1. Give me the percent relative contact order of the stretch 105-182, please, defined on Cα pairs under 8 angstrom at least 6 residues apart.
2. Tell me the relative contact order for the stretch 51-197 as a rounded percent, counting alpha carbon contacts under 8 Å between residues six or more apart.
3. How far apart, in nm, are two points set 7 Å out from the Cα along the Cα-to-Cβ line at residue 85 and at residue 141?
4. Of 192, 58, how do they rank once you tally other Cβ atoms within 10 Å and put the fewest first?
5. Taking 0.36 nm per residue of separation and subtracting the Cα-Cα distance, what length does fully extending residue 63 through residue 152 add?
6. How would you rank 108, 92, 80, going from fewest to most other Cβ atoms within 10 Å of each one's own Cβ?
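Every read-out reported here was derived from the displayed coordinates using simple, explicitly stated rules and does not represent laboratory data. Note that this is a predicted model, so its numbers are computed, not measured. Cβ placement follows ideal geometry from the backbone for every residue including glycine, while neighbour counts extend to all protein chains displayed.
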């Protein structure tokens, strides 16, 4: 029995340690270069890809959550993407509402105060909601010695038929302005969402790379070593990744 075991152990030893040093060095260099460990035949293959932090930040700045997806963990990133979609819907909704209200109050002023809407700036549309008519406004500017703000009567004329109409106009103007102001807040929140997502992407990518660096891959491949089709012994390849 010992006569059979001893030759088998010799075959195993020669097949394991008979590989040249140059082959082992090339194997290590290839593993460091590609971060990929492969086993042929019946062994398994596992791929490790190191992620770039800068690329993850860029992805999150372009679309929140994509940096986390790139880093291999979308479990938290998906909330940033959902929030981004909701923010855009809010933005477009407020923009439409503000524009629509602006058109409504301009049409209302033309119909109820005799305004000609061509060439009027934002301050004009604000002032006509405060004063009943152009004469009242110009008198107030004269009393304040702000003569440069006095309107030309022919170009900027307005006169509300009732205080109720003026108040209704003012409400529409305020609603439009509030929606316009809210757009700035939504835009700011979207920028903040990108920054937070980028920070989270850095965390995800660093965790991924840390796991990759600490992972150890061990594989064993069995085969028959032969020469000219004639079996010479058993070959065992053992690869370990640190």
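1. 41 percent
2. It rounds to 34 percent for the stretch 51-197.
3. Roughly 5.1 nm, to one decimal.
4. Least crowded to most crowded, the residues run 192, 58.
5. Additional length available on full extension: 27.0 nm.
6. 92, 108, 80
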